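This report concerns only the one structure given below.
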Amino acid sequence: MNNKKSNKNKQVTKAIIPAAGLGTRFLPLTKAQPKEMLPVVNKPTIQWVIEEAIDAGIKDIAIITGDHKQSIENHFRPFKKLEKALEESGKLEELDKIRKVNSLANLKFIIQHEQKGLGHAILCAKEFIGDNPFAVLLGDTICTGSPNCTKGLARVFEEREASVFAVEKIKLEDTRRYGVISGNQVEDQIMLVDKLVEKPEPEDAPSLLGIQGRYIFTPDLLVHQEKTNKGAGGEIQLTDAMQSLARESKLYSWTFTGNRYDIGTMKDWFQSHLELSIASEFSPIIKEVLKKL
Ligand code: G1P
């Protein structure tokens with residue numbers, strides 16, 4: 001009985017993908033097209049993110065979206081008219097492709113009616129999380145690497161039985177874009193975190209380690225999130241709830257060494273497209289294009 005309980009508490013089977021932002025950093029591209037739906041190689045960004053979660057053994061995924069972002073849900077739900085047309089015209093390969101997308105995972109869509117920040121988005125999934133550990137994967141960020149970022153975090157979570165999130169080295173001039181943290185090194189790549197500041201000025205940054213968009217939490221994070229007031233940018237911040245959690249429980253950071261693409265910047269969007277195309281079945285096409293430049 002006890003064994004069952006502790007396994008349940010260590011195994012991460014749920015994930016939240018916040019994807020409700022207004023995309024104000026990437027206009028006009030994201031006016032009618034959600035940032036998470038921007039294509040990278042041959043699928044939308046958010047599909048890369050969902051596939052990362054699935055590859056880490058996660059089956060139940062809640063996407064926190066906005067009422068202006070219907071196309072995200074449309075991409076993952078069956079489109080009977082199209083399926084019928086493909087069936088009738090014998091395009092069975094295409095039919096198989098879209099059916100696969102419809103059955104990737106158990107997806108649940110939760111609408112965040114007001115854009116009050118990442119912490120508020122997490123709280124929208126309170127019922128979905130229940131009393132389970134959960135992963136958070138930002139819906140506009142693609143991570144590649146082996147193991148994949150969420151899988152790497154799940155290993156640390158299982159070993160340490162405590163919340164953990166991924167960090168990477170950032171530049172001093174970029175501290176205003178990230179949650180920035182500090183703590184004590186306990187193992188290669190792993191730190192016991194004691195300080196977290198959301199988007200500090202360079203002179204206030206506790207280090208140059210930035211929160212990179214992948215997390216695994218014990219359910220008590222929600223207790224802290226509920227007590228969190230508005231923070232940086234007038235928004236309810238996840239980083240502030242993590243700071244509160246770190247005062248009462250162990251909270252670890254894990255330095256991720258794979259690639260991260262923030263599909264909210266032109267540079268990372270272009271780079272993801274090129275690098276991931278080269279690593280894909282489309283490699284000959286992209287190499288041919290590049291040769292002509
Ligand atoms: C969010 C988090 C921040 C993190 C960043 C990574 O900020 O609040 O702590 O460093 O993602 O991209 P946002 O980019 O949503 O402003």
Response to the item:
Of (1) away from the ligand (no atom under 14 Å from the Cβ); (2) within 28 Å of Lys35 (Cβ to Cβ); (3) open to solvent by 40 Å² or more (accessible area, probe 1.4 Å), Lys171 fails just (1)
Fill in: Near pairs, Cβ below 6 angstrom, 6+ apart or cross-chain, from region 260-274 (assigned to a helix (DSSP H, G or I)) to any residue that is buried (at least 17 other Cβ atoms within 10 Å of the Cβ) and among the aromatic types (Phe, Trp, Tyr)
Asp268/Tyr261; Ser272/Tyr261
Worksheet, complete the sentence: Leu137 passes all but one of the listed conditions (1) over 21 Å from Gln47 (Cα atoms); (2) touching an Asp or Glu at 6+ places or on another chain (Cβ under 7 Å); the exception is number (1)
Discussion item. Can you find a residue that is in a helix (DSSP H, G or I), of a type outside the set (Phe, Trp, Tyr) and within 26 Å of Leu276 (Cβ to Cβ) anywhere in region 10-24?
Written reply: yes
Fill in: Condition broken by Ser280, with the remaining ones in (1) of a type outside the set (A, V, I, L, M, F, W, C); (2) at pLDDT below 95; (3) in a helix (DSSP H, G or I) satisfied
(3)
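Restricting attention to region 239-253, which residues are more than 17 Å from the chain's Cα centre (by Cα) and near the ligand (Cβ under 10 Å from one of its atoms)? Step through it out loud before you land on a result.
Taking region 239-253 and keeping what is more than 17 Å from the chain's Cα centre (by Cα), we get 240-241, 243-252.
Within region 239-253, Asp240 is the sole residue that qualifies.
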Worksheet entry | Output for region 239-274, where each listed residue is of a type in the set (Asp, Glu) and surrounded by fewer than 23 Cβ atoms within 10 Å (Cβ to Cβ) | Glu248, Asp262, Asp268
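Could we say that Pro44 is modelled with pLDDT under 95, within 16 Å of the chain's Cα centre (by Cα) and either surrounded by 13 or more Cβ atoms within 10 Å (Cβ to Cβ) or within 24 Å of Gly145 (Cβ to Cβ) (or both) here?
On the way: modelled with pLDDT under 95: no; within 16 Å of the chain's Cα centre (by Cα): yes; either surrounded by 13 or more Cβ atoms within 10 Å (Cβ to Cβ) or within 24 Å of Gly145 (Cβ to Cβ) (or both): yes.
Answer is no for this residue.
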Response to the item:
Pairs returned, first residue in region 67-93 that is of a type in the set (A, V, I, L, M, F, W, C), second residue that is not in a helix (DSSP H, G or I), beta-carbon separation under 6 angstrom, 6 or more apart or interchain, are Ile72/Pro34; Ile72/Thr65; Phe76/Leu107
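The values are calculated or read from the model by the stated rules, or taken from the named source; none is laboratory data. Source: prediction; values computed, not measured. Cβ coordinates were reconstructed from backbone atoms using ideal geometry, including for glycine residues, and neighbour counts include every protein chain displayed. To get the accessible areas, we keep the full protein, side chains included, count just its heavy atoms, and leave off ligands, DNA and RNA. Shrake-Rupley method; radii C 1.70, N 1.55, O 1.52, S 1.80 Å.
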